[in-house]
1. Pairs under 9 Å by beta carbon, first residue within 16 Å of Gln27 (Cα to Cα) in the stretch 1-14, partner part of a loop (DSSP other than H, G, I, E, B) and hydrophobic (A, V, I, L, M, F, W, C), six or more apart or different chains?
2. Quick one: how many residues across the stretch 178-227 are part of a helix (DSSP H, G or I) and of a type in the set (Ser, Thr, Tyr)?
3. Lys220 is checked against (1) surrounded by fewer than 23 Cβ atoms within 10 Å (Cβ to Cβ); (2) closer than 17 Å to Gly116 by Cβ and fails just one. What number does that condition carry?
4. Provide a single number: the residues in the stretch 239-277 that are in a helix (DSSP H, G or I), in contact with a Leu (Cβ under 8 Å, 6 or more places away or on another chain) and within 24 Å of Arg215 (Cβ to Cβ).
5. Looking at the stretch 107-130, which of its residues are part of a loop (DSSP other than H, G, I, E, B) and either without any contact (Cβ under 8 Å) to a residue 24 or more places away in the chain or surrounded by 22 or more Cβ atoms within 10 Å (Cβ to Cβ) (or both)?
6. Conditions first: (1) more than 20 Å from Ala40 (Cα to Cα); (2) in contact with a strand residue (DSSP E or B) (Cβ under 8 Å, 6 or more places away or on another chain). Cys234 passes all but one, so which condition is the exception?
7. Counting only residues that are assigned to a loop (DSSP other than H, G, I, E, B) and loosely packed, with under 15 Cβ neighbours inside 10 Å, which one in the stretch 167-177 is modelled with the lowest pLDDT?
8. Looking only at the stretch 75-104, count how many residues are among the charged types (D, E, K, R), touching a residue at least 60 places away in the same chain (Cβ under 8 Å) and either closer than 30 Å to Thr194 by Cα or outside any helix (DSSP H, G or I) (or both).
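The values are calculated or read from the model by the stated rules, or taken from the named source; none is laboratory data. What you see is a predicted model; the values in this text were computed from it and never measured. FYI the Cβ positions are ideal-geometry reconstructions off the backbone, even for glycines, and counts take in every protein chain you see.
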Amino acid sequence: MNIDVKDDFIQSRHGHKLFCKYWKPVQKNEEKPKHLVFIAHGASEHCQTFDEIAIKLAQNNNFVFAHDHAGHGKSEGQRVYIEDFNIFVDDIIDHIEKIKKEYSDIPCFIIGYSMGGSMTILTALRIPQLISGIVLIAPAIILTNFAPILTVMLWYQLVSVVYPRAHVVYINVEDIVKDKGEIEKYKKDDLIWTGKLTAGLMKCSMKACGEINSRMKEVKIAFLLMHGTSDKICSIEGSQMFFETASSEDKTFKKYEDGYHQLFTEPNGAVDDFIEWINKR
C-alpha cells in the first residue's frame, strides 16, 4: 500500500507552533482508513523517531498522525520545559479533534511512549468518547527510577519553584536504548535533546504521575501495556499497578524479558505486537 507522508504546522491554543507529521494510506476509490492512530513521543525526543513504525502502521491501512510536543523537536517553546503538563494534553486533544472532524466515524487510538504514556492516559481520561483504545509503551507512571531518594525529589521541587527553567536531570542514552547501533543513531539525531531536563518539566511530570496514580480506577478504555523488565527509566512496578487497578475489561500487559526503555528499537516483536493489537479492533 502506498503512503502519503506530509509535514505541517498547527498553532496550539497555548501559543506554540507545533510541528506535525502525517502518514496517510493512499486508498483506491477514496476508501477510508480503518483506524486513526496518534503517536505521543517521550521527553527529549520528537515524533519522527516513530517514522518506521508509522509507515508500518499506515501500510496496515491506519492513518497515523503526530506532533512534536511544545519545547521538543521542531516545535516552539523552551527546550524540555513546560509550565503545566495539561498543555501537552490539551495539544493532543486539539489535534485529535481536528482530525476527527474529517474522520468522525473512524476509531481513534493513541500510542504513548514514556512521558507520552502519561499524556495518553490523561488524554483518555478527558476524552474517552473519542478514543477506542490506547497502547502504552514503558509509560511514566512512577518516576522512582529518576529520583529514588525522597530528598532528591524534594530538591527538584525546590529548584522548580526558585528556578523552574534550570536544567537538572541528565538521562544517559545507554539507559534508554539497548542496541549499540540505535544508541549511535540516537546520539546523531539533532532533534533529540541530549542535555538535562528542566526542573519545571520534572515537577509537571511528577504532578501528572500523581494524578494518574489517584485516578487509575477511572480508566475504562481498552489498552495494551508494554514494559521491559530491565527498564532503567520508568518503573515497571508502576505499569503493574496500573494494569491491576484500571477498570478496563479489555486490557493486556506484556512484559519483555531484559527489555530496555525504548522497546520499539529492539528485536523483541513489540512493534508487531501493538500493530496486531490495534488491527484486531
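1. That search, which allows pairs on different chains as well, returns Met1/Val26; Asn2/Val26; Ile3/Val26; Asp4/Val26.
2. The qualifying residues number 3.
3. (2)
4. 5
5. Hit for the stretch 107-130 is Ser114, nothing else.
6. Cys234 satisfies every listed condition except (1).
7. Tyr170
8. Number satisfying all stated conditions: 7.
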